[in-house]
1. Which residue, of C:Gly204, C:Gly199, is without any contact (Cβ under 8 Å) to a residue 12 or more places away in the chain and open to solvent by 20 Å² or more (accessible area, probe 1.4 Å)?
2. Is it the case that D:Leu97 is modelled with pLDDT under 70 and either in the same structural domain as D:Ile28 (by TED's automatic domain parsing) or part of a helix (DSSP H, G or I) (or both)?
3. With a cut-off of at least 1 residues that are open to solvent by 10 Å² or more (accessible area, probe 1.4 Å), name the helices (runs of 4 or more DSSP H) lying wholly within region C:227-309.
4. Name the residue, out of D:Ile87, D:Ile79, that is more than 25 Å from B:Val171 (Cβ to Cβ), crowded, with 18+ Cβ neighbours inside 10 Å and at pLDDT 80 or above.
5. For C:Arg448, all conditions in the list (1) open to solvent by less than 50 Å² (accessible area, probe 1.4 Å); (2) at pLDDT 85 or above hold save one; what is the number of the exception?
6. What do you reckon, is B:Ala277 over 17 Å from B:Leu337 (Cβ atoms), away from every other protein chain (no Cβ under 12 Å) and assigned to a helix (DSSP H, G or I)?
7. Going residue by residue through region B:189-198, is there one that turns out to be facing chain A (nearest Cβ under 10 Å), open to solvent by less than 10 Å² (accessible area, probe 1.4 Å) and of a type outside the set (S, T, N, Q)?
8. Counting only residues that are open to solvent by 10 Å² or more (accessible area, probe 1.4 Å) and at the interface with chain D (Cβ under 7 Å from one of its Cβ atoms), how many does region A:21-54 have?
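The values are calculated or read from the model by the stated rules, or taken from the named source; none is laboratory data. No experiment lies behind these values; they were computed from the predicted model shown. Cβ sites come from the backbone with ideal geometry, for glycine too, and all protein chains shown count toward neighbours. Please note that ligands, DNA and RNA were not included when accessible areas were found on the heavy atoms of the full protein model with its side chains. Shrake-Rupley method; radii C 1.70, N 1.55, O 1.52, S 1.80 Å.
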Amino acid sequence: MITTTHYLVLSLILFTLGVVGLMVRRNFITVLMCIELMLNAANLNFIAFSRQLGDLTGQVFAVFVITIAAAEAAIGLGIIVALVRLKQTTDLDRVNVMEG
Amino acid sequence: MRPDLIALLPELVLAALAMVVLLAGLASGRARHGLLAGGALVSLAVTALALWYAAAATDPAARLFSGMFALDRFAVYFKALFLLSSALVILLSVDYLKRNDYRPGEYLALIMFATVGMMTMASGVNLAAIYVGLELMALSTYILAGYFRREVKSHEAATKYFVLGAFSSGVLLYGLSLIYGTTGTLDLGALTRALAAGKPATATVVGMALLACGFLFKVAAVPFHVWTPDVYEGAPTPITAFMSVGPKAAGFAMFLRVFLGGLAPLSASWIWLVGAAAVLTMIWGNVAALTQDNVKRMLAYSSIAHAGYALVGLVAGGAAGVNSVLFYMLVYTVTNLGAFGFVIMLESRGYAGETVTDYAGLARRHPGAAFGMLLFMLSLGGIPPTAGFMGKLYLFAAAVEAGYVWLVVVAVVMSAVSLYYYLRIVLQMYLRDGEGVEPAELVAAPWTERVIWACGAAVLVIGIVPAPFLAAARATAGVLGLS
Amino acid sequence: MGFATNLLNIICYVPLLGALVIIFLLRKEQTAAIKTVATVVAGLDFVLSLPLWFVYDPAGPAFQFSYVHDWIPAVGATYHVGVDGISVLLILLTTLLGFIAVYSSFTAINHRQKEYYVFLLLLQTGMLGVFISLDFVLFYVFWEAMLVPMYFLIGIWGGPRKLYAAIKFFLYTLFGSVLMLVGILTLYFYNSTGLQAIGLPGLGHAPTFDVTELFKIATQIPPHVQFWVFLAFFVGFAIKVPMFPFHTWLPDAHVEAPTAGSVILAGVLLKMGTYGFIRFSLPLLPDATRKAVPWVVALAIIGIVYGALVAMAQKDMKKLVAYSSVSHLGFVMLGMFALNPQGLTGSVLQMINHGLSTGGLFLLVGIVYERRHTRMISEYGGLAKVMPVYAMLFMVITMASIGLPTLNGFIGEFTILVGAFNRSTTWAVIAATSLVLGAGYMLWLYQRVFFGEITHDENKTLKDVNLREQWTLIPLIVLCFWIGIYPKPFFRILEPSIRRVVEVVDPGYMNHPELHLPAAAPAAHAQEE
Amino acid sequence: MSWFLVHFAQLVFYVMAACVIAGAVGVIAFKSPVHAALSLLASFLGVAGLFVLMEAEFLAAVQVLVYAGGVMVLFLFVIMLVKARAIPREPQYVNRLVPAAVGLGVVLALLLGAGMWASVTGAPADAAALQRVAGVQLGNTEAVGWSLYRDYLLPFEVVSIVLLVAMIGAIVLGRKEPGKEGRA
């Protein structure tokens, strides 16, 4: 029997992986992907809870999250394109003209 | 019209006019900065009128759009504050846009869309509405941070702001999902009832903590402040000015509404968290600002420190705490925009304008504006008879009343420390003669100067006759479920 | 609502108005006009403050010339001003020294004159505001606002280390006053709603920052609350006084400040600390005050001896006078914490005396500094030969400072010693011994500067004091003699106000009628208007 | 039969979960952004599968269309655009990975150990509840749609502005700025 807890544990693992990736990777593109992982984890939670509670709110909220995630990705990728034009790199460590 | 739509009128008007400005901007290209900025200002004014009308026609206790939206005095106050700060930011940007020859249409529209987002945040009484408002504001601000694309620093600012902002949104969202799952609702009122019913589940507390982390990031509190100095320094100064007031005030509106409203029954769990963040923020913000030579960076740390003071008001809670934060946001907005206005004026005057030593002898060359800057620095430091003093007095009084005397002691000692770095600027302007620091080119920045004058006058007026402003920031008791 | 009700407002804001006139109506090249306006305004202010002396009725209500107006109803802060005998004297001292400071700056200040006189006048408004405020918020506003013009006076027109001295002055005093603010807030909430979260119920009165209202609850405040509030006030006031060991900002500020700045600093600003004690700490926190007596007196005596010893070792005249201030103010604190009418009266009188004599000394040092641009004692010697009038004036002020009979210092110190003796013989003996030290360093200074051969050729051609310089000093000297010979009017004006303080802070004392001052008027019942 | 269904559902869950986690690990571990993007796609599809399993068909469809269809294409497009030379080599990221992973693993274990999910017990609610709006029984898609336009109209409208802003942003940030570039 697959309970809600199964989904929640899975989502927690996914969230943690997203955070770890964000901390260890310096490539902007990969960092953006890790953020998407975190949002997906939150969505898994929302849907699982929605089913548990028999409440549509979670599903509706997940629609918003997906839409906003797409918008975020578009803007993030826009920044990447501009960055590459200017500095020829997507390395976050090298995006540093100001001191610490 | 339906009451829902009347209440939403300001947002609708502003969003519609933002699209008009956007299209007009597309049609006119790089030209007509003045006209477009004028249009944006008129739009904000019209929105203010709509707000006035909507506030008069709406029952403050009503929960509209299926319980998503409230137009109570809390919301009206913050919306008026957002409109004011956006208008001032636009005025501060006019000279900058013109001089650097960037397209004004998208820029102005983005500021207006961000304002719509902030207004939604202030009115939202459902976490879904607050979240989408927050994202609208955040996404617009990411773009604005990177708007001036020929500047390398601007890119760095946009990149850092985006990565950390998106990260914090993810954390916040995860916290939201936990709160939703364990209480079964996103509505703040229902949340209070659900939480008051019994001992909260572990997952609820974890969700609350994650939510708090996300919020602390949005108001740039320690330890979630690391993005602030780089972003403030790198972003074009008008945008830095915008980020330091509008989104910060919106962050506090959301913080107050969610933590003192919805999550109030959990206060035993979050009060030490927020209190600790307040202490760390005040100490770290002020101490780090002491050693900054770059004025924008210094102002960034100073804005971190001020978030710490405002958090003291949140910790104090109660009607007094809420009112004091509201009043403080007004004080902070006019003061900080004035200070950034001065930095912008110097930049447009062709000074290097960023390091402290560029300020040498300005009191002789620009006595009026320098006097304004003196007022802003004193106000940020909390010296009477400026607005900053009244703001802090009110804030600290609320905290003492709530019994957080130790927190206030930290706050007052740190605000004494802060005078050291605010006086450094005053010292350069007034006490050094600044021979040899001459402007490279003299470009008129008439609107920027007018903003400095207006903010300076406001700082003095609020400092000497605070009563009407305090009255405006009042009457919010009961709104957040407090009495 | 006539002249009497608005008199204090007029006195307080005339200098501000003068400053605005200079800012907006005069260009910075019009230096003569600026000086004229500033002098006239400062002089006018002094004349305006004279009615206080004649009209103030010692037998009348505690606070007179009151003016109350709504200010911040949301927190219960009012615009409430009023004076008692103590503040009347301090206001007169302030307006007099304010005028002298302006008048003495004509030749000393040669650059950025417009700003200079503006700041001087603004400072005047700030100081007067401190002495007339009867509302804590109003008091605090003036107390801190006054730092800003002083900061500029030291920072722009000061000596070589002016920047360091200015910022040190500002931060030291600010640090003290912010803690005072916490104390004020605690009192405020104790009077009204209490501090619920730490289990301190309030008295349930309407929230108010009005000092006269808060006086009424002085005896109801529990000791532990009094202790913390006293501590917070103590830090703020003791830094301002300055008491040992909080005095380190003073020599720096004095040495670097321009002459007029030093006059104001020594003459008035330091009095704000002692005034704070006598106006707020003593009558609001009587229990804590009584408990603090040994500690404060110990610090005061250390200050007296330490200040005198360090003054003796100074090579710089201004620094010597600065350390002598530490010593003299230790005396003032000693008298105050004797907590009896004699000690307190002597203490207030000595505040005035110190303002007159130390103000005079700084003016005198400024006069030779303007001529020689040095304050090193070793640079002088034998000045009595080339500047006889100057030497005479210097002698009178020196004597006033060391407390020679027939001069003011004697009256003040003697009264303080009587008060201290009533409390403890030991204190009085130690304090009296240190008077010898005081005489020692002042006379030694006088000897080194004025007697002997002229060792530096530049000194041979020094011009004696001119008429303007004489006129800056003559009022001070006249007052020194007046207080020294006929102090009765001063005692008369102080007595009832002092009595009210003693009644609160040491109620048992008043039961010994034989200890009353001879000049004591029938005990007027403390009544609030 | 129902025995089979229950076990089949379990099987599907574990396969999908493995897909999600493996995809996420791939995103972190692959050096090549193209490989990382393909892993991300696997993860997205796994999540979509789980949505189906939870009877949220509409969400599953949105997930596939928006993420797998839209966002993924965008990612791949940008990766192609920026070319390999712009991709950092990250030689030492494993060194950073270990402490971070250990730290977060501890946090994770603590959270799970603290009984974070203790309050979530009992069987899920009747699936039909999720297809009912105002007492009318509909399909999942219709139910979500109803909810979106009725109860969540305000956030929906705001989200539409978010999309507009994103469009502006992509254009503003992505377009070539005439004139001198790279002024420091």
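1. So the residue among C:Gly204, C:Gly199 that is without any contact (Cβ under 8 Å) to a residue 12 or more places away in the chain and open to solvent by 20 Å² or more (accessible area, probe 1.4 Å) is C:Gly199.
2. yes
3. C:249-256, C:259-264
4. Step by step, each of D:Ile87, D:Ile79 is checked, and only D:Ile79 is more than 25 Å from B:Val171 (Cβ to Cβ), crowded, with 18+ Cβ neighbours inside 10 Å and at pLDDT 80 or above.
5. (1)
6. yes
7. No; the residues of region B:189-198 include none that is facing chain A (nearest Cβ under 10 Å), open to solvent by less than 10 Å² (accessible area, probe 1.4 Å) and of a type outside the set (S, T, N, Q).
8. 6
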